[in-house]
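A.B. asks: Supplied in structure tokens, the structure appears directly below.
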Amino acid sequence: MTEFELIFDFHKNADRQGPGSDTETLKALNMFDIKKSDNLNIADIGCGSGSQTIILARNTNGHITAVDIFPGFLENINIKAEELNLKDTITTVERSMDDLQFGESEFDLIWSEGAVYNMGFKNALKAWRPFLKKGGYLAVSEISWITDSRPEEIENYWMKAYEQIDTISGKIRTIEAKGYSPLAHFILPEYCWTDNYYRPMENRFESFLEKHGNSDSAKEMIRTEKEEIRLYKKYKNYYGYVFYLAQKI
Ligand code: SAH
């Protein structure tokens with residue numbers, strides 16, 4: 001199994017592949033000036049298992065194009081959509097987020113939860129802007145520093161993992177610089193990390209190691225996740241996932 005396949009295997013049956021919650025998705029959606037009856041064209045980029053895809057589908061009168069690079073996630077979403085009678089509302093697209101082939105001004109709303117780091121916040125905001133209509137909305141959740149300064153251990157850890165991590169004010173400046181008007185932001189509550197992401201992940205550690213015969217690569221993956229969790233517990237007052245809402249100008 002390649003490293004990629006191993007990662008997918010670890011995450012494929014989880015409800016979420018990053019911190020978040022249905023409540024916070026809905027909170028973000030409700031902050032926009034959108035009526036439930038509006039017929040919107042929505043892209044959900046880096047959709048993973050699609051928790052937020054389903055929320056978007058159920059709470060708008062829109063059509064959702066759910067994009068991910070792992071076809072297995074998309075298969076699961078298609079099954080879920082069928083079960084929930086949302087087959088005509090959700091279309092899945094297997095594609096890399098840095099190579100999207102959408103048309104100009106195709107979408108009223110671009111959504112991306114816990115995924116934009118894969119191509120970097122700055123690059124994504126730039127690359128996706130043409131796909132949005134003028135006045136169209138963007139909702140992105142992104143790891144951010146929530147204080148002005150922080151201990152060296154956590155600074156070094158996240159700078160190495162994701163160089164574009166920045167303060168909220170820095171992210172908002174980026175949003176402006178990339179041609180959007182910042183509308184709002186809010187920090188995801190702690191349970192989005194613990195109850196919804198890390199705890200379900202911890203519950204999978206043992207069976208995952210067993211399944212992969214305690215291979216070195218599986219052990220290394222678990223070690224890496226455990227380290228991330230340890231640091232979160234220690235330094236959660238310094239960083240968080242932040243939802244950024246913006247409008248194309
Ligand atoms: N939005 C989901 C998943 C977040 S995890 C949630 O909040 O639960 C990040 C997702 O981005 C994963 O599903 C992963 O498969 C996907 N991803 C990683 N690299 C990608 C790329 N280059 N293009 C598109 N999707 C990618």
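A.B. asks: How big is the range 137-249 by the Kirkwood estimate over distinct Cα pairs, in Å?
C.D. replies: With all distinct Cα pairs of the range 137-249 included, I get 15.8 Å.
A.B. asks: Then there's this: Taking a 1.4 Å probe, which of SER105, SER144 shows the most accessible area, and what order do the others take after it?
C.D. replies: Most to least solvent-accessible, the answer reads SER105, SER144.
A.B. asks: Check which residues have an amide H placed less than 5 Å from ILE69's amide H, if you skip close sequence neighbours.
C.D. replies: HN-HN under 5 Å from ILE69: ARG95.
A.B. asks: Pairs to check: LYS122/LYS160; LYS36/LYS87; LYS160/LYS226; LYS27/LYS126. Give those whose C-alpha atoms are more than 22 Å from each other in this structure.
C.D. replies: LYS27/LYS126
A.B. asks: Could you work out Rg/(2.2 N^0.38 Å) for the chain, with Rg from alpha carbons only?
C.D. replies: My calculation over the Cα atoms of the chain gives 1.00.
A.B. asks: Roughly how many Å is it from the Cα centre of the range 109-144 to that of the range 159-184, as a whole number?
C.D. replies: 11 Å
A.B. asks: Continuing with the same structure: Quick one: with all protein chains in place, what share of the accessible area of the chain is carbon or sulfur, to the nearest percent (1.4 Å probe)? Write down the numbers at each step before the final one.
C.D. replies: On the way: 5540 of 12160 Å².
Here it works out to 46 percent.
A.B. asks: A further question follows. Have a look at LYS211, LYS12, LYS226 and tell me which one the Gaussian network model of the chain (Cα, springs below 10 Å) gives the largest fluctuation.
C.D. replies: Greatest mean-square fluctuation among the candidates belongs to LYS211.
A.B. asks: Count the DSSP beta bridges whose two residues both fall in the chain, then state the antiparallel fraction as a percent rounded to the nearest 5.
C.D. replies: Roughly 45 percent of the beta bridges in the chain run antiparallel, per DSSP.
A.B. asks: Tell me, what is the per residue accessible area of the range 104-249 in Å², probe radius 1.4 Å?
C.D. replies: On the way: 7090 Å² over 146 residues.
It amounts to 49 Å² per residue over the range 104-249.
A.B. asks: Based on DSSP H runs of at least 4 residues, each adding -39500 (n - 2.57), what is the mean residue ellipticity at 222 nm of the chain after dividing by all its residues, to the nearest 500 deg cm²/dmol?
C.D. replies: One gets -12500 deg cm²/dmol as the mean residue ellipticity at 222 nm.
A.B. asks: Next question. List the residues whose amide H sits under 5 Å from the amide H of ILE90, counting only those 5 or more places along or on another chain, with H placed 1.01 Å from N in the peptide plane.
C.D. replies: ILE64
The values are calculated or read from the model by the stated rules, or taken from the named source; none is laboratory data. Because the structure is predicted, anything quoted here is derived from the model rather than measured. Only protein heavy atoms, including side chains, enter the accessible area calculation; ligands, DNA and RNA are left aside. Shrake-Rupley method; radii C 1.70, N 1.55, O 1.52, S 1.80 Å.
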